[in-house]
1. Please work out if Gln141 is surrounded by fewer than 22 Cβ atoms within 10 Å (Cβ to Cβ), over 27 Å from Ser351 (Cα atoms), touching a residue at least 60 places away in the same chain (Cβ under 8 Å) and not basic (Lys, Arg).
2. How about the range 24-46: which of its residues are surrounded by fewer than 13 Cβ atoms within 10 Å (Cβ to Cβ) and at pLDDT 90 or above?
3. If I ask for residues that are touching a residue at least 40 places away in the same chain (Cβ under 8 Å), within 13 Å of Ile28 (Cβ to Cβ) and open to solvent by 10 Å² or more (accessible area, probe 1.4 Å), which ones from the range 267-293 would you list?
4. Among the residues of the range 161-206, write down those that are part of a loop (DSSP other than H, G, I, E, B) and not charged (D, E, K, R).
5. In the range 314-345, what residues are part of a loop (DSSP other than H, G, I, E, B) and under 18 Å from Asn169 (Cα atoms)?
6. Based on this model, can you work out whether Gly250 counts as under 22 Å from the mean Cα position of the chain (by Cα), surrounded by fewer than 23 Cβ atoms within 10 Å (Cβ to Cβ), under 18 Å from Ala36 (Cα atoms) and not hydrophobic (A, V, I, L, M, F, W, C)?
7. Suppose we filter the range 144-170 for residues that are in contact (Cβ under 8 Å) with a residue 60 or more places away in the chain and buried (at least 23 other Cβ atoms within 10 Å of the Cβ); how many remain?
8. Based on this model, can you work out whether Ser138 counts as over 15 Å from Pro90 (Cα atoms) and of a type in the set (Gly, Ala, Ser)?
Amino acid sequence: MEPVKNWLQRNLKGDPVLWGIVIVFSLISMAVVYSATGTLAYKKDRYTEYFLFKHTGLIFVGLFFAWLAHRIDYRHYSRLSLYALLISVPLLLFTYFFGGTTVNEASRWLTIPVINQTFQPSDLAKLALISHLASMLSRRQQYIQNFKTTLLPVMLWVGLICGIIVMSNASTALLLFFTCLLLMFIGRVPLKQMLIMVLIGTVVGGIGLATGQRKKTFVSRIEKFTDKSQPLPFQLEHSMIAIAGGGPLGKGPGNSTERNILPHPYSDFIYAIIIEEYGMAGGIAVLFLYLAFLYRGLLTVMRSYGAFGGLLSAGLSFSLVLQAMVNMGVAVGLGPVTGLPLPMLSMGGTSLIFTGISIGIILSVSRGEREIRPMVGEPEDEARIPKQTALA
């Protein structure tokens, strides 16, 4: 056991508790996705273990990218984020107007040639925007109230990215916009400027939604959620049946019945399957794991000496956990139906890779400033900003 322990200490840097949480999520995901994809395998004329092997392989790829990302000095992401944004904008526009793979009347996916794997450019855009926003706010802490030099570039980037995404994916755009607002609040942006940001976001979001592909779906889902006289949407009705059937301890692994009826039980409504098979105890355990993940992410913020590291870890932690809370809230009837998967648990493709990169960046920050010396050409005072600046 000692050689294994030494290998882990040499190769898995950062918060060990955070690593443990991620590994537990991976194991839960394998078990639940395997259970939830039986009907999908039958429809696709695949053998039962096909999607288990495929999903497990993607999980390992995601963990590899997490390991790779956590080995990189997190301050490099300050520069890389701008390039990623410049790439993601044309990708988003191309996906929407020209080359997108349309699913459920929405052009969100691009198909990667040769490997024939689809991915959503919005996943890249989310990661890039949060990273670049953290970089902009950290570099301008002394001029944070200056609208022209600080707030205007922030508003332009947030408005551009969220405005493009909302045309094909309203729930992702809203969640990203809210995450950016949280990051601005942590970055000491004045409340007045944030209110202007909300106003601009409302106008841009309204225009994007009105001219985009998802207006009818968005309005319909809001109406069905708010109008209690209407019957429950099909997905939500069977999600509630699954949750009610689970009881305190569940039906047991692999014994779900609603997995054969629910649309996308392995992604959008995987939380309902977890509760049906593992009961309220399993549902509460998953919720606790997400809260623990957020706590460890914010603990990384508190331990960070640099403003950029603190803002970066906070933004990515909030992004993942807020999406999880929205997904679980939808499954239990606390919000309108959305197409957001459950991070680290739902079956996915390249989204698992981007989730892994996000986790790896958080772990890179958690390695601590003690391991990181000022980069070449970076002033010592810029590399070592007092803690209170990063947390204000």
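1. Values: surrounded by fewer than 22 Cβ atoms within 10 Å (Cβ to Cβ): yes; over 27 Å from Ser351 (Cα atoms): yes; touching a residue at least 60 places away in the same chain (Cβ under 8 Å): yes; not basic (Lys, Arg): yes.
Yes.
2. First pass over the range 24-46, keeping only residues surrounded by fewer than 13 Cβ atoms within 10 Å (Cβ to Cβ): 27, 42-45.
Across the range 24-46, the qualifying residue is only Leu27.
3. The answer is Tyr271, Leu287, Leu289.
4. Step one: filter the range 161-206 for residues part of a loop (DSSP other than H, G, I, E, B), giving 167-169, 187-190.
Scanning the range 161-206 gives Met167, Ser168, Asn169, Gly187, Val189, Pro190.
5. Pass one, the range 314-345, residues part of a loop (DSSP other than H, G, I, E, B): 332-345.
Scanning the range 314-345 gives Gly335, Pro336, Val337, Thr338, Gly339, Leu340, Pro341, Leu342, Pro343.
6. Numbers: under 22 Å from the mean Cα position of the chain (by Cα): no; surrounded by fewer than 23 Cβ atoms within 10 Å (Cβ to Cβ): yes; under 18 Å from Ala36 (Cα atoms): yes; not hydrophobic (A, V, I, L, M, F, W, C): yes.
It is false that Gly250 is under 22 Å from the mean Cα position of the chain (by Cα), surrounded by fewer than 23 Cβ atoms within 10 Å (Cβ to Cβ), under 18 Å from Ala36 (Cα atoms) and not hydrophobic (A, V, I, L, M, F, W, C).
7. So the first thing to find is which residues in the range 144-170 are in contact (Cβ under 8 Å) with a residue 60 or more places away in the chain, and the list is 157, 160-161, 164-165, 167-169.
Remaining after also requiring buried (at least 23 other Cβ atoms within 10 Å of the Cβ): 161, 164-165, 167-169.
Within the range 144-170, residues that are in contact (Cβ under 8 Å) with a residue 60 or more places away in the chain and buried (at least 23 other Cβ atoms within 10 Å of the Cβ) number 6.
8. Numbers: over 15 Å from Pro90 (Cα atoms): yes; of a type in the set (Gly, Ala, Ser): yes.
Against the criterion (over 15 Å from Pro90 (Cα atoms) and of a type in the set (Gly, Ala, Ser)), Ser138 qualifies.
The values are calculated or read from the model by the stated rules, or taken from the named source; none is laboratory data. Fair warning: this is a prediction, and the values are worked out from it, not measured in the lab. Cβ coordinates were reconstructed from backbone atoms using ideal geometry, including for glycine residues, and neighbour counts include every protein chain displayed. The area values use the complete protein model at the heavy-atom level, side chains included, leaving out ligands, DNA and RNA. Shrake-Rupley method; radii C 1.70, N 1.55, O 1.52, S 1.80 Å.
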